[in-house]
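A short worksheet on the structure shown next.
Bear in mind that the values in this text are calculations on the coordinates, not laboratory data. Everything numeric here is computed off the predicted structure, so don't read it as measured data. Backbone-built Cβ (ideal geometry, glycine too); neighbour counts: all protein chains shown.
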Amino acid sequence: MKKLIFLLLTLSITLCAVACGSAAADEKPLSDSTVDVETSEAEPAPEHEQDENLPPPVNNGQCAFNARYTRYISDACYVDDTDIPDFMVSSAEELRECLGEVPTLSDTYTGEEFNPYELYGNEYFESKVLLLVILYEGSGSFKNKIDSVTYHGDSLDVVIENISPQFCTADIEHWTIFVELDKEYYVPIESVNFIDVETHSHMPTPLVQPLYIGNADPAGLTEPDITVIQTMQEYNDFIANSGYDFDATLPDLYSYNTATRDSFYDGFFDNTVLLAIVTPARPTTTRYRLDGNYSVVKSEASLDIIVESYEVDSGDEKTIGSWILMVRTDKNYFKDDIWSVEFVAEEKIDKEINFKATNVRAGYSDKALSPNVIAEKWELDHFYRVNKDDFAFDQYLNEAVSAYDEEFFEDKYLLIIPTKSGSGSVEYNVKSVAAKTVNGQMTNRVVVEVSSPDIVTYDMAQWFIILELDREYMPGSKYLVKDSNVTVTYETV
């Protein structure tokens, strides 16, 4: 009997302890004190499902986004090149107010065509907003990419990477970029901060034209002497201690003494680095000009200067002198170990260059076209797109141009020569292509042989001659492509 009572008592105490422990587990601890206990791994508790009617929690930081890039600007957006607005759009009606009438657009990078009003309708704006970034570029060669979008609670930082290739066309282009964002990241357009990140190439700025400084070669200077000047004191020391004759003059030539001596002041070097390049002494029939490339890739930069020598009829072969080239660049990007200077001589004669030619007959059109230098894949796509309806490219030219991808343009360029004929019986054959540097700019000269049989058809014909050429012979200056630097000569055979 006692054993039974003892067992019942033990069972009661045990059940009471379990119940008390369970109740205590539901209460919050009264202190921060902890006790080390041994624990065993357990299966993680299942996460609570998010109510689909509630927006996801908003956190500061980078936002997921999708962007479509178009080389287009709506008349409704355009005021002038100094006042192009951007928009944060939250409804389909608002999008129509911003853009007005819009044709079907094409994504510059993917080629995908889309109608903004079909893509961004009422259903889209139930969960998303649309940031319209509208850009004006001085060259159609510039590219733009949205690098990142960062949310700060009441503002957005939008980083735009501006990409300019080594070779640029001399035209103007507008962009409209459609940036798709979750609705939670909506802020007024006034609270959107646009941050430009440069990935581009441009010319270094010569302070003045090359200046004559007399014979700077008493000790036998055989290589250019280059001095980096970053302060007014360094400039004064250079003038006083370099040993060059800055007081030298020569009739009809700019000298350092008359053009530059008093051009500098203390504030000049706040944001500027000056490179003083002194040439070896040569007869004064030899002159110099500046070309080059100042590249900025995000936070890294490089400065590559090319000094080209050329000969003139004026001057005196017996008078020996040197020249100084003052080149200024941005102190924010300049670093001691990332610049170079190269001297090259002007080419005096045409150089025959290798080429591959393809002749394609297309649909005839009265539309007039000049020779086109194609330096990038997107330029070829653009040329095709704007002319395909006039010349029936989809029927005639599609196969010929489909072989040229971005890898092709890494070391090649295309020269497309359109030509018309009064008869489809006339044939065109490229005889030669020559390149020559004239006044610092590369030129291409193409000779095309024209032949026709004794009996011809009386139909109008349109031909496109596609030339594949090595990139080093691209027409224009080293960093500016010029279609006008192409000469085509037709010879009847």
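Here are a few things to note about the model shown:
- Spacing of the modelled spin labels on residue 266 and residue 157, each 7 Å from Cα toward Cβ, amounts to 3.4 nm.
- Summing charges over all other residues whose Cβ lies under 9 Å from the Cβ of residue 214, with Lys and Arg as +1 and Asp and Glu as -1, gives -2.
- A full extension of the chain between residue 359 and residue 223 corresponds to an added length of 44.2 nm, given 0.36 nm per residue minus the alpha carbon distance.
- Modelled FRET efficiency - R0 25 Å, residue 493 with residue 312, Cβ distances, 0.05 increments: 0.05
- Extension gain (nm, one decimal) between residue 65 and residue 406, 0.36 nm per residue minus Cα-Cα: 120.2 nm
- In segment 367-465, taking the dipole from charged Cβ atoms about the Cα centre, the farthest positive-side position among 438, 387, 460 is held by 438.
- In this simple spin-label approximation, residue 180 and residue 145 carry label points 7 Å from Cα along the Cα→Cβ vector, and these lie 1.9 nm apart.
- On full extension, the segment bounded by residue 340 and residue 90 gains 85.0 nm, given 0.36 nm per residue less the C-alpha separation.
- Only Lys, Arg, Asp and Glu carry charge here, each on its Cβ (+1 for the first two, -1 for the last two); on that basis segment 61-199 has a dipole of about 320 debye about its Cα centre.
- Within-13-Å neighbourhood charge of residue 361 [Cβ basis; K, R +1; D, E -1]: -2
- Segment 443-493, relative contact order in percent, only Cα pairs under 8 angstrom and at least six apart counted: 67
- Among 398, 378, 487 - extreme Cα towards positive end, dipole of segment 351-492, charges at beta-carbon: 487
- Dipole in debye (nearest 20) - segment 351-492, about Cα centre, beta carbon charges: Lys, Arg +1; Asp, Glu -1: 520
- Backbone phi angles across segment 421-433, fed through the Karplus curve with coefficients 6.51, -1.76 and 1.60 (θ = phi - 60°), yield HN-Hα couplings of 9, x, 8, x, 7, 6, 10, 10, 9, 6, 7, 7, 10 Hz in residue order; Gly and Pro are listed as x.
- Entry note, segment 61-199: relative contact order of 33 percent, from Cα contacts under 8 Å with a spacing of 6+ residues.
- Only one residue of 177, 66, 89 has its Cα farthest out toward the positive end of the dipole of segment 61-199, where Lys and Arg carry +1 and Asp and Glu -1 on Cβ, and that residue is 66.
- 3J(HN,Hα) along segment 150-155, derived from phi through the Karplus expression 6.51 cos²θ - 1.76 cosθ + 1.60 where θ = phi - 60°, amounts to 10, 9, 10, x, 10, 7 Hz, with x in place of Gly and Pro.
- When only Cα pairs below 8 angstrom with a gap of at least 6 residues are kept, segment 351-492 shows a relative contact order of 34 percent.
- Modelled FRET efficiency - R0 41 Å, residue 396 with residue 195, Cβ distances, 0.05 increments: 0.35
- Sites residue 330 and residue 423 - FRET efficiency at Förster radius 56 Å, r taken between beta-carbons, to 0.05: 0.45
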